[in-house]
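See structure below.
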Amino acid sequence: TVRVAVLVSGRGSNMRSLAAAAGDAYEIALVASDKPEAAGLAWAREQGLATFALSPRGIGKPAYEAALDAALREAGVEVIALAGYMRLLSDDLVTRWRGRIINIHPSLLPKYKGLDTHARAIAAGDAVAGCSVHVVTEELDGGAVLGQAEVPIEPGDTPDTLAERVLSAEHRLYPEVLARFVREGTWREG
Ligand code: GAR
(Lines give C-alpha, C1' and ligand atoms only; values in the text may rest on other atoms or scores of the structure.)
Protein backbone atom coordinates (compact mmCIF):
# COMPACT_ATOMS: atom_id res chain seq x y z
CA THR A 1 0.00 0.00 0.00
CA VAL A 2 1.59 3.24 -1.16
CA ARG A 3 1.59 6.08 1.37
CA VAL A 4 0.08 9.17 -0.25
CA ALA A 5 -0.07 12.76 1.01
CA VAL A 6 -2.93 14.95 -0.17
CA LEU A 7 -2.28 18.70 -0.32
CA VAL A 8 -5.31 20.98 -0.07
CA SER A 9 -5.95 24.71 0.20
CA GLY A 10 -9.73 24.74 0.43
CA ARG A 11 -12.89 22.72 0.58
CA GLY A 12 -11.17 19.42 -0.17
CA SER A 13 -13.89 17.58 -2.07
CA ASN A 14 -11.29 15.84 -4.24
CA MET A 15 -9.39 14.84 -1.10
CA ARG A 16 -12.59 13.24 0.22
CA SER A 17 -13.05 11.27 -3.00
CA LEU A 18 -9.42 10.10 -2.78
CA ALA A 19 -9.89 9.12 0.87
CA ALA A 20 -13.11 7.22 0.06
CA ALA A 21 -11.26 5.14 -2.54
CA ALA A 22 -8.20 4.42 -0.37
CA GLY A 23 -7.56 0.74 0.26
CA ASP A 24 -5.29 -1.84 -1.30
CA ALA A 25 -3.56 0.47 -3.76
CA TYR A 26 -2.89 3.47 -1.54
CA GLU A 27 -3.55 4.94 1.88
CA ILE A 28 -3.73 8.59 2.95
CA ALA A 29 -0.68 9.00 5.19
CA LEU A 30 -0.96 12.79 5.53
CA VAL A 31 -3.26 15.67 4.63
CA ALA A 32 -1.24 18.89 4.40
CA SER A 33 -2.36 22.47 3.85
CA ASP A 34 -0.89 25.94 3.39
CA LYS A 35 -4.18 27.28 4.80
CA PRO A 36 -4.61 26.32 8.45
CA GLU A 37 -8.29 27.33 8.19
CA ALA A 38 -9.04 25.15 5.14
CA ALA A 39 -12.32 23.25 5.44
CA GLY A 40 -10.66 20.15 3.99
CA LEU A 41 -8.18 20.11 6.84
CA ALA A 42 -10.91 20.19 9.49
CA TRP A 43 -12.60 17.24 7.80
CA ALA A 44 -9.32 15.29 7.70
CA ARG A 45 -8.80 15.89 11.42
CA GLU A 46 -12.34 14.67 12.15
CA GLN A 47 -11.55 11.50 10.20
CA GLY A 48 -8.50 10.93 12.37
CA LEU A 49 -6.12 11.40 9.43
CA ALA A 50 -2.65 12.78 10.15
CA THR A 51 -2.50 16.45 9.21
CA PHE A 52 0.08 19.17 8.68
CA ALA A 53 -0.95 22.83 8.54
CA LEU A 54 1.33 25.81 8.14
CA SER A 55 0.93 29.17 6.43
CA PRO A 56 3.91 30.46 4.45
CA ARG A 57 2.82 33.95 5.49
CA GLY A 58 5.37 35.43 7.86
CA ILE A 59 7.96 32.67 7.57
CA GLY A 60 8.36 32.75 3.77
CA LYS A 61 8.10 30.05 1.14
CA PRO A 62 11.51 28.35 1.64
CA ALA A 63 10.93 27.82 5.38
CA TYR A 64 7.34 26.73 4.74
CA GLU A 65 8.40 24.19 2.11
CA ALA A 66 11.27 22.88 4.27
CA ALA A 67 8.77 22.16 7.07
CA LEU A 68 6.33 20.60 4.60
CA ASP A 69 9.08 18.42 3.12
CA ALA A 70 10.12 17.28 6.60
CA ALA A 71 6.51 16.42 7.49
CA LEU A 72 6.11 14.43 4.26
CA ARG A 73 9.27 12.44 4.96
CA GLU A 74 8.35 11.95 8.61
CA ALA A 75 5.03 10.46 7.49
CA GLY A 76 6.80 8.06 5.11
CA VAL A 77 5.06 9.56 2.10
CA GLU A 78 5.91 8.19 -1.35
CA VAL A 79 3.49 10.09 -3.57
CA ILE A 80 1.95 13.57 -3.28
CA ALA A 81 -1.52 14.25 -4.72
CA LEU A 82 -2.40 17.94 -5.07
CA ALA A 83 -6.15 18.44 -4.64
CA GLY A 84 -7.11 22.08 -4.93
CA TYR A 85 -3.69 23.13 -3.66
CA MET A 86 -3.64 26.70 -4.90
CA ARG A 87 0.04 27.50 -4.48
CA LEU A 88 2.93 26.89 -6.87
CA LEU A 89 5.50 24.45 -5.57
CA SER A 90 9.07 25.70 -5.89
CA ASP A 91 11.42 24.13 -8.43
CA ASP A 92 13.41 22.84 -5.47
CA LEU A 93 10.49 20.87 -4.00
CA VAL A 94 9.50 19.58 -7.46
CA THR A 95 13.08 18.38 -7.96
CA ARG A 96 13.16 16.61 -4.60
CA TRP A 97 9.89 14.80 -5.41
CA ARG A 98 10.49 14.39 -9.15
CA GLY A 99 7.87 12.16 -10.77
CA ARG A 100 6.04 11.61 -7.48
CA ILE A 101 3.70 14.61 -7.46
CA ILE A 102 0.41 14.59 -9.36
CA ASN A 103 -2.31 17.24 -9.65
CA ILE A 104 -5.90 17.50 -10.80
CA HIS A 105 -6.68 20.49 -13.00
CA PRO A 106 -10.17 21.57 -14.10
CA SER A 107 -9.62 21.71 -17.86
CA LEU A 108 -8.73 19.44 -20.75
CA LEU A 109 -5.01 20.16 -20.76
CA PRO A 110 -3.13 21.49 -22.63
CA LYS A 111 -6.07 23.89 -22.87
CA TYR A 112 -6.58 26.48 -20.11
CA LYS A 113 -3.63 26.13 -17.80
CA GLY A 114 -3.84 28.32 -14.71
CA LEU A 115 -6.97 29.90 -13.28
CA ASP A 116 -10.55 30.66 -14.45
CA THR A 117 -10.63 27.60 -16.66
CA HIS A 118 -14.43 27.35 -16.87
CA ALA A 119 -15.01 31.00 -17.78
CA ARG A 120 -12.35 30.67 -20.48
CA ALA A 121 -13.88 27.47 -21.92
CA ILE A 122 -17.33 29.09 -22.08
CA ALA A 123 -15.99 32.33 -23.58
CA ALA A 124 -14.20 30.31 -26.27
CA GLY A 125 -17.49 28.64 -27.26
CA ASP A 126 -16.15 25.15 -26.54
CA ALA A 127 -18.63 22.26 -26.73
CA VAL A 128 -16.80 20.16 -24.13
CA ALA A 129 -14.89 20.85 -20.94
CA GLY A 130 -13.35 18.49 -18.44
CA CYS A 131 -10.52 17.74 -16.10
CA SER A 132 -7.02 16.32 -16.26
CA VAL A 133 -4.71 14.54 -13.84
CA HIS A 134 -1.09 15.23 -14.65
CA VAL A 135 2.42 14.87 -13.30
CA VAL A 136 3.68 18.07 -11.67
CA THR A 137 6.81 19.60 -13.19
CA GLU A 138 8.37 23.06 -13.00
CA GLU A 139 6.02 24.21 -15.77
CA LEU A 140 2.56 25.21 -14.44
CA ASP A 141 0.00 22.55 -15.39
CA GLY A 142 2.51 21.34 -17.98
CA GLY A 143 3.55 17.79 -16.96
CA ALA A 144 2.53 14.54 -18.63
CA VAL A 145 -1.23 13.96 -18.62
CA LEU A 146 -2.16 10.68 -16.87
CA GLY A 147 -5.90 10.77 -17.45
CA GLN A 148 -8.77 13.01 -18.53
CA ALA A 149 -12.55 13.09 -18.33
CA GLU A 150 -14.85 15.14 -20.56
CA VAL A 151 -18.21 16.73 -19.80
CA PRO A 152 -20.47 18.67 -22.17
CA ILE A 153 -20.84 22.43 -21.96
CA GLU A 154 -24.60 23.08 -22.00
CA PRO A 155 -26.36 26.16 -23.37
CA GLY A 156 -26.76 28.66 -20.54
CA ASP A 157 -23.86 27.29 -18.52
CA THR A 158 -22.16 29.73 -16.20
CA PRO A 159 -18.67 29.14 -14.80
CA ASP A 160 -20.37 27.87 -11.61
CA THR A 161 -22.75 25.39 -13.26
CA LEU A 162 -19.92 24.11 -15.45
CA ALA A 163 -17.57 23.87 -12.45
CA GLU A 164 -20.10 21.67 -10.68
CA ARG A 165 -20.37 19.30 -13.65
CA VAL A 166 -16.59 19.14 -14.04
CA LEU A 167 -16.15 18.59 -10.29
CA SER A 168 -18.34 15.47 -10.40
CA ALA A 169 -16.08 14.16 -13.16
CA GLU A 170 -13.01 15.03 -11.07
CA HIS A 171 -14.32 12.96 -8.18
CA ARG A 172 -14.56 9.90 -10.45
CA LEU A 173 -11.32 10.48 -12.36
CA TYR A 174 -8.82 11.28 -9.60
CA PRO A 175 -9.12 8.10 -7.46
CA GLU A 176 -8.98 5.96 -10.60
CA VAL A 177 -5.85 7.67 -11.94
CA LEU A 178 -4.13 7.73 -8.54
CA ALA A 179 -4.75 3.99 -8.06
CA ARG A 180 -3.29 3.25 -11.50
CA PHE A 181 -0.34 5.60 -10.90
CA VAL A 182 0.64 3.94 -7.62
CA ARG A 183 0.23 0.44 -9.08
CA GLU A 184 2.50 1.32 -12.01
CA GLY A 185 5.02 2.89 -9.61
CA THR A 186 6.94 4.58 -12.43
CA TRP A 187 8.64 7.01 -10.02
CA ARG A 188 10.62 4.07 -8.61
CA GLU A 189 12.46 3.64 -11.89
CA GLY A 190 14.13 6.99 -11.83
C1 GAR B 1 -11.01 21.54 -8.16
O2 GAR B 1 -11.92 21.86 -9.17
C3 GAR B 1 -9.62 21.41 -8.71
O4 GAR B 1 -9.58 20.82 -9.98
C5 GAR B 1 -9.17 22.84 -8.77
O6 GAR B 1 -9.70 23.42 -7.59
C7 GAR B 1 -10.86 22.71 -7.17
C8 GAR B 1 -10.64 22.24 -5.76
O9 GAR B 1 -11.83 21.72 -5.23
N10 GAR B 1 -7.77 22.95 -8.84
C11 GAR B 1 -7.12 23.95 -9.44
O12 GAR B 1 -7.69 24.88 -9.98
C13 GAR B 1 -5.62 23.84 -9.39
N14 GAR B 1 -5.02 24.97 -10.04
P15 GAR B 1 -11.79 20.80 -3.94
O16 GAR B 1 -11.01 21.57 -2.87
O17 GAR B 1 -13.21 20.64 -3.54
O18 GAR B 1 -11.13 19.51 -4.32
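The values are calculated or read from the model by the stated rules, or taken from the named source; none is laboratory data. Small disclaimer: the values here were computed from a predicted structure and weren't measured. Glycine also receives a Cβ, built like all others from the backbone with ideal geometry; neighbour counts cover every protein chain displayed. Note: areas computed on protein heavy atoms with side chains; ligands, DNA, RNA excluded. Shrake-Rupley method; radii C 1.70, N 1.55, O 1.52, S 1.80 Å.
Taken as a whole, the condition of being farther than 23 Å from Val166 by Cα and within 12 Å of the ligand (Cβ to nearest atom) applies to Leu89. Look through Ala63, Ala53 and report the one residue that is of a type in the set (Gly, Ala, Ser) and in contact with a helix residue (DSSP H, G or I) (Cβ under 6 Å, 6 or more places away or on another chain). The conditions single out Ala53. Considering region 1-20, and only residues there that are within 20 Å of Arg172 (Cβ to Cβ) and surrounded by fewer than 17 Cβ atoms within 10 Å (Cβ to Cβ), the residue that is nearest to the ligand (Cβ to nearest atom) turns out to be Arg11. Confirm whether Glu189 is closer than 23 Å to Ala29 by Cα, more than 10 Å from the ligand (Cβ to nearest atom) and more than 13 Å from the chain's Cα centre (by Cα). So Glu189 fits the description; yes.
Take the conditions under 21 Å from Leu178 (Cβ atoms), open to solvent by less than 40 Å² (accessible area, probe 1.4 Å) and not in a loop (DSSP other than H, G, I, E, B) and apply them to Ala71. Does it pass? Spelling it out, Ala71 is indeed under 21 Å from Leu178 (Cβ atoms), open to solvent by less than 40 Å² (accessible area, probe 1.4 Å) and not in a loop (DSSP other than H, G, I, E, B). Residue-level check: of (1) more than 12 Å from the chain's Cα centre (by Cα); (2) within 26 Å of Gly185 (Cα to Cα); (3) within 12 Å of the ligand (Cβ to nearest atom), His118 misses just (2). Quick one: how many residues across region 22-45 are part of a strand (DSSP E or B) and either surrounded by fewer than 19 Cβ atoms within 10 Å (Cβ to Cβ) or away from the ligand (no atom under 12 Å from the Cβ) (or both)? Residues flagged as part of a strand (DSSP E or B) and either surrounded by fewer than 19 Cβ atoms within 10 Å (Cβ to Cβ) or away from the ligand (no atom under 12 Å from the Cβ) (or both) within region 22-45 amount to 6.
Restricting attention to region 46-62, the residues that are over 17 Å from Leu82 (Cβ atoms), open to solvent by 40 Å² or more (accessible area, probe 1.4 Å) and in a loop (DSSP other than H, G, I, E, B) total 6.
Taking the options Ala119, Ala124, Ala129, Ala149, name whichever one is touching a Gly at 6+ places or on another chain (Cβ under 8 Å) and more than 28 Å from Arg73 (Cβ to Cβ). Result of the check over Ala119, Ala124, Ala129, Ala149: Ala149.
Okay, residues lined up against (1) over 20 Å from Arg96 (Cβ atoms); (2) touching a residue at least 24 places away in the same chain (Cβ under 8 Å); (3) of a type in the set (A, V, I, L, M, F, W, C):
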position	(1), (2), (3)
Val2	no, yes, yes
Val6	no, yes, yes
Ala20	yes, yes, yes
Asp34	no, yes, no
Trp43	yes, yes, yes
Leu49	yes, yes, yes
Pro56	no, yes, no
Gly60	no, no, no
Ala67	no, no, yes
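Any chance region 75-87 includes a residue that's free of Cβ contacts under 8 Å to residues at least 12 places away in the same chain and either under 12 Å from the mean Cα position of the chain (by Cα) or open to solvent by 30 Å² or more (accessible area, probe 1.4 Å) (or both)? Within region 75-87, none of the residues are free of Cβ contacts under 8 Å to residues at least 12 places away in the same chain and either under 12 Å from the mean Cα position of the chain (by Cα) or open to solvent by 30 Å² or more (accessible area, probe 1.4 Å) (or both).
Checking the structure you have, find out if any residue of region 36-49 is under 16 Å from the mean Cα position of the chain (by Cα), closer than 16 Å to Gly10 by Cα and not small (Gly, Ala, Ser). There is at least one residue in region 36-49 that is under 16 Å from the mean Cα position of the chain (by Cα), closer than 16 Å to Gly10 by Cα and not small (Gly, Ala, Ser).
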